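This report concerns only the one structure given below.
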Amino acid sequence: QVQLVESGGGLVQAGGSLRLSCAASGRTFSSYVMGWFRRAPGKEREFVAAISWTDSSANYADFVKGRFTISRDNAKTTVYLQMNSLKPEDTGIYYCAARLMGPRSDPSVYDYWGQGTQVTVSS
């Protein structure tokens, strides 16, 4: 059974940092790209970042470039999202997802999803 389990969310003041983790299990993910998405209150789910297990090539949404860093630990089959300089508009539920094919920023092509972790940034 495939599982993606996110952790690391919480409440932080604007300008602060959080590191999210996504532990993957239940199958071999070496051919998958891992993505982070978020859903802000009242908004659609949006792409945040994605990374390949094989070559660590990463993609970011424009609004997080320079602030967020995605990384992975193959030995632990865990993907991380380091979030710095957080802003109130970063508030939302953050989801980890895995996909085999398709555009990295398109949530509809992702095959597996975690339950999400809440991030709240206060002003």
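The values are calculated or read from the model by the stated rules, or taken from the named source; none is laboratory data. All of these numbers come straight from a predicted model, not from anything done at the bench. In this analysis, Cβ positions are derived from the backbone assuming ideal geometry, glycine residues included, and neighbour counts consider all displayed protein chains.
Scoring residue 54 on the criteria (1) without any contact (Cβ under 8 Å) to a residue 24 or more places away in the chain; (2) out of contact with any strand residue (DSSP E or B) (no Cβ under 7 Å at 6 or more places or on another chain); (3) not aliphatic (A, V, I, L, M) leaves a single failure, condition (1).
Output the number of residues of the stretch 42-99 satisfying the condition of being at positive phi and either loosely packed, with under 12 Cβ neighbours inside 10 Å or of a type outside the set (S, T, N, Q) (or both). Break it down into steps so the answer makes sense when it comes.
Kept after step one, since they are at positive phi, are these residues of the stretch 42-99: 42, 56, 66, 77, 85, 92.
Checking the rest, the ones that are also either loosely packed, with under 12 Cβ neighbours inside 10 Å or of a type outside the set (S, T, N, Q) (or both) come to 42, 56, 66, 92.
Within the stretch 42-99, residues that are at positive phi and either loosely packed, with under 12 Cβ neighbours inside 10 Å or of a type outside the set (S, T, N, Q) (or both) number 4.
Would a scan of the stretch 57-65 turn up a residue that is part of a strand (DSSP E or B) and within 14 Å of residue 23 (Cα to Cα)? No, there is no match, as no residue in the stretch 57-65 is part of a strand (DSSP E or B) and within 14 Å of residue 23 (Cα to Cα).
For the stretch 89-123, taking the residues that are assigned to a loop (DSSP other than H, G, I, E, B) and touching a Pro at 6+ places or on another chain (Cβ under 9 Å), the one that is modelled with the highest pLDDT is identified as 91.
Given the criterion touching a Gly at 6+ places or on another chain (Cβ under 9 Å), of a type in the set (D, E, K, R) and farther than 20 Å from residue 106 by Cβ, identify the matching residue among 39, 19.
Details: 39 fails: farther than 20 Å from residue 106 by Cβ.
Being touching a Gly at 6+ places or on another chain (Cβ under 9 Å), of a type in the set (D, E, K, R) and farther than 20 Å from residue 106 by Cβ holds for just one of 39, 19, which is 19.
Restricted to the stretch 100-122, and to residues that are under 29 Å from residue 17 (Cβ atoms) and hydrophobic (A, V, I, L, M, F, W, C), which residue is surrounded by the fewest Cβ atoms within 10 Å (Cβ to Cβ)? Among them, the one singled out is 113. When we screen 86, 20, 11, 81 for residues that are assigned to a loop (DSSP other than H, G, I, E, B), within 19 Å of residue 119 (Cα to Cα) and among the hydrophobic types (A, V, I, L, M, F, W, C), the only hit is 86.
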